[in-house]
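Here, each number is a calculation from the coordinates, and none is a lab measurement. These numbers were taken from a predicted model, which means no experiment stands behind them. For neighbour counting, all protein chains shown are included, and Cβ atoms are generated from backbone atoms with ideal geometry for every residue, glycine included.
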Amino acid sequence: DSWGIFTFLCAALCNLPALPALNCSEELGAGQSIQQTYDLTRYLEHQLRTLAGTYLNYLGPPFNEPDFNPPRLARAERVPSATVDLDLWRGLTDNARLAANYRAYSRLLCYLRVLDGQVGTAELRHRLAHFCASLQGLVLSIGGVMSSLGYPLPAGPAAPPAPPGAPAAPNDFLKKMDDFWLLKELQTWLWRSAKDFNRLKKKVPPAVVTLRLEARGF
Amino acid sequence: QFERVGADVTMKCGSMDWDAAVTWTVNGTDIDESHLNGSYLILKNVGLSQSGQYSCYEGSSWHLKYQTYLRVGTPPKEPVLMCRSNNYPKGFYCSWHLPTPTYIPNTFNISVIHGTKDMVCEKDAVPKNRCHIRYLQLFSTVKYKVTLTVTNALGKNFTTLTFDEFAIVKPDPPESVVAKPVPNNPRRLEVSWQNPSSWPDPESFPLKFFLRYRPLILDQWQHVELSDGTSHTITDAYAGKEYIIQVAAKDNDIGTWSDWSVAVHATPWTEEPKHLTTEAQITETTSASTSSFMAPPTTKICDKGAMVGSGAVAVCWTAGLVVAAYSVLFI
């Protein structure tokens, strides 16, 4: 049952700070964890396509029209944006790159959970719940990579998701706009993460992990 | 002076009166009086061939009173616009053309809007109907809107394209595709290629590849998708048949497949046809010692094991010849 998965994952999330002490993530190797995280983003991207299609149809026109290209309203900036200056993105350190992903998905997960509580149809609730569970897995996976590389986890919204900071949308249409942009940002982040993890794959040599294992042996 | 195809054109001879005596010429040739209405030149339903230099001379003095260069054409139809990023993440280019010629000069104006920002698309010198844009930001959620307007003396038209950053990514085809036979392997072909040179950063933006191959004699292609590496060994080629091979590329995660690369041809390795020498040696070896006879190396199809027994049925004609040679020796 999806609620069972939720509670399990919530418990797992609470135990996240304890992960660096576990042997398993280091034995896997940072390289392999990065590969797994990359694979997870591709899987989520695939899942999102179906979810977004269903959700946008639920929102109805014009949100489900393929040419829909609304201007970005100021209020939508609350959702973390994947958009970044090209040179800045290139120059990100591994730590910064991973942290940006970790923070973004943690927050996106919060917003998605709020959405989950509000949607009408059972099918949509089921899909959203499934997606949230997978997204939670991605956050954990990124956290795992960071820990295995010795980076501290960003202080994130590990606490139960509070309602979004800004006041709720004043009307139904603007609320739908918020949902539209949330899905768009999620889609963009997943596509960006694939590129982020490609870069990390090349830059993190397996030797990093073997050094750490040797250090532990002493 | 520009006029539409099919229009009726009336030319006045400058300030001359209607009833003045004039002569019209086109490109130096006199025009028949039947086309005149008084001193006006009437051209009905003008066609492209009627473009030219029209001049009007006063009857007796042969003073030039009026001259115009007539160009017959059409207003522009909706232009065809295409935008593509073959150098992701550097930027993208847009190229355009008219579906039908207008026969008169046209000017093109292109505008690119990204959200609220106007971007400048720098026109390329060559080819002329192309411009390129550099991305300032990556991973944008806002679409790009490109509008192309074409104008000429007879009218204007336009078209618009709206797209996401990742939707127009299409690399150029792989380069330097090489296919070689593999020695001693009659069913293998080794194919290798390189990333397209226009793709700026294959490290961070890796490409995946699609290989297709078929023997020339067949129409059906075989396909292999490769997620990394720039080489592949085909292991199921038909022995001795010439193959045609092509490769295409795509960004690992986004966009569409490139066009197919230039086709290369290759034939798998085949053994030296020693059967020709065997026939000559049969007559020799009847008198000479057995050691001078060299059995031809067997192909995979004709297994050596099949020929050991003297009662073995010849699977192929080379095997048959060897059997014949052996039997001659042992008679």
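Listed values, structure above:
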item	result
Zone residues, the range B:190-205, relative to B:LYS180, backbone N less than 19 Å from point 7 Å out along Cα-to-Cβ	B:190-195
Electrostatic dipole magnitude of the range B:175-266 [Cβ: Lys, Arg +1; Asp, Glu -1; Cα centre; debye, to 20]	480
Under 5 Å, built H, 5+ apart or other chain: amide partners of B:TYR238	none
The range B:2-73, dipole about Cα centre (Lys/Arg Cβ +1, Asp/Glu Cβ -1), debye to the nearest 20	320
Shielding by other protein chains, A:178-187, mean Cβ within 10 Å	1
Global form of the range B:80-163, assessed from the alpha-carbon gyration tensor, a/c cut-off 1.5	prolate
Length added when fully stretched, A:LEU174-A:ARG49, from 0.36 nm per residue minus Cα-Cα	42.7 nm
Distance violations [Cα-Cα > 31 Å] among B:LYS77/B:LYS123; A:LYS201/B:LYS250; A:LYS201/B:LYS123; A:LYS175/A:LYS203	A:LYS201/B:LYS123; A:LYS175/A:LYS203
Cα gyration tensor shape of the range B:2-73, rounded if a/c is under 1.5, else prolate or oblate by comparing a/b with b/c	prolate
Fewest-first ranking of A:ASP179, B:ASP172, B:ASP118, using other Cβ atoms within 10 Å as the exposure measure	B:ASP118, B:ASP172, A:ASP179
Cβ-defined net charge surrounding A:ALA96, 13 Å radius [Lys, Arg +1; Asp, Glu -1]	+3
Extension gain, B:SER111 back to B:GLU203 (0.36 nm per residue minus Cα-Cα distance, nm)	29.9 nm
Per-residue mean of C-beta atoms belonging to partner chains within 10 Å, peptide B:134-147	5
Packing-based exposure ordering (other Cβ within 10 Å, fewest first) of B:THR147, B:THR107	B:THR107, B:THR147
Rounded Å value of the spacing that divides the Cα centres of the range B:38-106 and the range B:1-26	19
Nitroxide proxy distance, nm - points 7 Å out along Cα→Cβ at A:VAL84 and B:ASP219	5.1
Which of B:HIS265, A:HIS130 has the fewest Cβ neighbours within 10 Å, and the rest in rising order	B:HIS265, A:HIS130
Loop-located trypsin sites (Lys or Arg not before Pro) in the range B:35-83, at most 15 other Cβ atoms within 10 Å (DSSP)	B:LYS44, B:LYS77
Whole-angstrom gap from the range A:56-101 to the range B:109-163, using each part's C-alpha centre	22
Inter-chain Cβ neighbour average for residues B:3-15, partner chain, 10 Å	0
